[in-house]
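Written below as structure tokens is the structure these notes are about.
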Amino acid sequence: MRRYVIRRMLYMVPTLFAISLVAFLIIQLPPGNFLSAYIAELSAQGQGVDNAQVRALEERYGLNDPFLVQYWNWISGIVLSGDFGQSFQYHRDVADLMWDRIGLTLVLAVSTLLLSWAIAFPIGVYSAVRQYSVGDYVVTVVGFVGLATPNFMLALIFAWISYRYFGESVGGIVSREYADAAWNIGKVMDVVSNLWIPVLIIGTAGTAALIRVLRANLLDELRKPYVTTARAKGLPEWRVILKYPVRMSLSPFISTIGWILPTLVGGEVMVSIVLSLETTGPLLVEALRNQDMYLAGSFILVLGTLTVIGTLLSDLLLAWWDPRIRYQHVERV
Amino acid sequence: MGPLPDRPPPPEAPSAPAASPAAPDAAVGSAANEALPGDAPQRVLIWRRFRRNKLAVTGALVLCAFALVSVFSEFVAPSTPDAYNAARTYAPPQRIHFVDTSDGFDLGMYVYDYRVERDPETLANTYTVDESTKIPVGLFVRGEPYEMWGLFTADRHLIGSSHPEQDVYLLGADRNGRDMASRIAHGTRVSMSIGLAGVALSFVLGLVLGGLSGYLGGRVDNTIQRAIEFLMSIPTIPLWMGLSAAVPRDWNSVQTYLAITVILSLIGWTDLARVVRGRFLSLRQEDFVTAARLDGCGTGRIIGRHMLPSFTSHIIASLTLAVPFMILAETSLSFLGLGLQPPVVSWGVLLQEAQNIHSIANAPWLLLPGVAVTVAVLVLNFVGDGVRDAADPYR
């Protein structure tokens, strides 16, 4: 097991390196850069642009250096001193801007994960045990629709309903009266009361997928002979189901940790824009649109890193949870 | 793909492996399949099982409707997607009435006209139904002229107002008074085709790379698998957003369309490659492949003639299940303003209009393209699941 852990962690190094390279490549891809966009905007407003000033700015940000030099300056700053560079648009440190947002994103991610587990587990078990019952059909249909509806559609529908029938427009996780308040019990309660709606919306697709996987896995397990044996031995039905089949089919719950973050970041971007939440998504989109390269690149890098860590965690947990995976890997290693 | 249970040896005809000996198991418990289980080729067996699945068959029919709309969008649309009418901004949908009882009993489709009041300050139109004026609606009527497939000009529409001067808005109008029904019909073409094109591209990539990986094994397999793992570890949406932000804004719509397709399939092939590799790995060990090799078949023949036919249906199922993924991705990107750009009309571009609460509050019918997305994704999932289940000889 220890060898597996070490090996698995060593794998992360080249992956992280490649992610950082890709993140930087992506933000370099668009023709022009933030400066040229900025200059275009200035001249569109009829303001003259001083050539010397432009050159000074280019010099300062190293915009004319070759790709690898720019990449090296960027990544060495991050790794060696935690310096993510400056945002062109906000004239602030990228790190400050980012950590503000990533906290909320993580809170959203974790609560979405917990909520989808809490919903998917009982429903998945129920619809497998009572296969082809009315309840199972209802769950299946709802699950399919949940999978098929884009998250932002749900957010839009929700926004419309709350506007139409409750007369209030939705938006923000922190209510206005707490906006500038320091963190206290009242503010935490307020955030929790506003959080459940986006969490529910973002979690729909994931929950639906979990239910379907759990149901399919559990159905496979329930058909196996050891279940019949347990039943023949006279075990009460709930023990027959919970003792082994459910345990065996729980692995997808653990692998969720790995993919919840990327899917969440994806789904969250749209939902956050519609519900105007202050998470990473809207800022990332804006940064990409404005070619605010250090901001966008750092976001992609940090989110990618979090994803890799999430995958690592879920792989390790899976190996710990399921001896079959553990031994299979040990053999291969 | 888990290890398959012991597979019976292949039948005499290698072109239809898994057909005869596996079939009786699959046919157990179904009266319809008990006749001729051994003689029917795999295709027929799959078709029989598929037909029994009501959900999948319904899905396939709805899918056909979507396909027809996307092929004949100009004709199906009551108007053109760009025809606008400033007097009809945010006009609500008009309900079609079939029976006219105002003076006796008449059959025939018609809608009621609007009574429009313009707010002098905000210039917003408010609409009320004017039951005194009727606009007749007919099939195959003359309307806005259009270029059919860019080949010839026509002005026949499947459905529309048969009054020469009055328009009908069956699904409402957007902020420029453009007909939503027409825009959705044209969006169907773009969104469905981008899904298909993206899948076609990732199909080629996935089949070639997954096939190489599974068949050759060893170092090639390792490299390709690492690449796939890497691509999968990058959060998809930021990657897509980054790449689509890189598409130059001054490209014309066809170029953007192609670029977005390439970007979508750049990530989409990984899943398919994994499926193909898994099938190759499990088939490589099969006796009939060894037999073919001992018979002196070349690699190309073994793959094309012996291995591929036994998992074509799996590939078809994976492809069907990959299309909705592409459609959702395109919709999301365009919704964010990073995908296709107006004047191209796709479901995502249309939903961009519904992004702020004011337009949804005034005109909830702007959300209708989202309903189209949901239905399309839903039926594609049903059909894909149906094909997968029908193609699985062990169920």
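Below, the figures for the structure above:
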| item | result |
| --- | --- |
| Per-region count, the range B:371-383, residues facing chain A (nearest Cβ under 7 Å) and either free of Cβ contacts under 8 Å to residues at least 12 places away in the same chain or farther than 23 Å from B:A60 by Cβ (or both) | 1 |
| Single match in A:S298, A:S249, A:S272 (criterion: at pLDDT below 80 and not β-branched (V, I, T)) | A:S272 |
| Exclusive hit being modelled with pLDDT under 70, among the hydrophobic types (A, V, I, L, M, F, W, C) and surrounded by 13 or more Cβ atoms within 10 Å (Cβ to Cβ), set B:A60, B:A32, B:A26 | B:A26 |
| Some residue of the range B:226-241 being at pLDDT 80 or above and within 14 Å of another protein chain (Cβ to nearest Cβ) | yes |
| Test: residue in the range B:72-84 that is within 23 Å of B:I194 (Cα to Cα), at pLDDT 80 or above and of a type in the set (A, V, I, L, M) | no |
| Flag if B:V204 is under 21 Å from B:L350 (Cα atoms) and part of a helix (DSSP H, G or I) | no |
| Looking only at the range B:354-370, and only at residues there that are within 26 Å of A:A287 (Cα to Cα) and surrounded by fewer than 21 Cβ atoms within 10 Å (Cβ to Cβ), the one that is nearest to the other protein chains (Cβ to nearest Cβ) | B:I357 |
| Scope the range B:297-348; condition within 14 Å of chain A (Cβ to nearest Cβ) and of a type in the set (V, I, T); matching residues | B:T320, B:V323, B:I327, B:T331 |
| Those residues of the range A:150-161 which are without any contact (Cβ under 8 Å) to a residue 12 or more places away in the chain and more than 9 Å from chain B (Cβ to nearest Cβ), in sequence order | A:I161 |
| Within the range A:284-301, tally of residues that are surrounded by fewer than 21 Cβ atoms within 10 Å (Cβ to Cβ) and within 10 Å of chain B (Cβ to nearest Cβ) | 2 |
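The values are calculated or read from the model by the stated rules, or taken from the named source; none is laboratory data. The shown structure was predicted, so the numbers you read here are calculated from the model rather than taken from an experiment. For neighbour counting, all protein chains shown are included, and Cβ atoms are generated from backbone atoms with ideal geometry for every residue, glycine included.
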